[in-house]
Amino acid sequence: MEAPLIAACYANLECRVVDTCLMNRYNFFILEVVKTWVDPACKSPQTLHHQGRGIYMLSGEAIKLPSRMK
């Protein structure tokens, strides 16, 4: 069975639960990404990042800097 994709999303991640030991205490569980999908038609997606406490950030303008990688 394939996981459903969200058409409005630039990328989708299919995950499986690998650890639930913190679920009862912190409502936290560990996932492993098993498959990804990216929309090839979306060349410059604007992404939304959650920073915590109700604060979100939209990705900004892309800039290109000289690479220091050798």
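The values are calculated or read from the model by the stated rules, or taken from the named source; none is laboratory data. Predicted, not measured: the structure shown is a model, and the values here were computed from it. Cβ atoms come from the backbone with ideal geometry, glycine included; neighbour counts cover every protein chain shown.
Checking residue 19 against (1) within 13 Å of the chain's Cα centre (by Cα); (2) modelled with pLDDT of 90 or more, which single condition isn't satisfied?
(1)
Would you point out the residue of region 48-65, among those that are at pLDDT 85 or above and outside any strand (DSSP E or B), that is farthest from residue 8 (Cα to Cα)?
Among residues in region 48-65 that are at pLDDT 85 or above and outside any strand (DSSP E or B), the one farthest from residue 8 (Cα to Cα) is 54.
I'd like the residue in region 29-70 that is acidic (Asp, Glu) and under 30 Å from residue 17 (Cα atoms) and, out of all such residues, is surrounded by the fewest Cβ atoms within 10 Å (Cβ to Cβ).
32
Report the residue count in region 26-61 for those that are of a type in the set (D, E, K, R) and either more than 25 Å from residue 4 (Cα to Cα) or more than 13 Å from the chain's Cα centre (by Cα) (or both). Can you show your working first?
Of all residues in region 26-61, those of a type in the set (D, E, K, R) come to 32, 35, 39, 43, 53, 61.
Those still in the list that are either more than 25 Å from residue 4 (Cα to Cα) or more than 13 Å from the chain's Cα centre (by Cα) (or both) too: 39, 43, 53, 61.
So the count comes out to 4.
Go through region 1-27 and give me each residue that's aromatic (Phe, Trp, Tyr) and touching a Cys at 6+ places or on another chain (Cβ under 9 Å).
Of all residues in region 1-27, those aromatic (Phe, Trp, Tyr) come to 10, 26.
The answer is 10, and nothing else.
Which residue pairs have Cβ atoms under 8 Å apart, sit 6 or more places apart or on different chains, and have a first residue in region 8-20 that is closer than 10 Å to residue 37 by Cβ and surrounded by 10 or more Cβ atoms within 10 Å (Cβ to Cβ) and a second that is of a type in the set (Lys, Arg) and modelled with pLDDT of 90 or more?
13/35; 14/35
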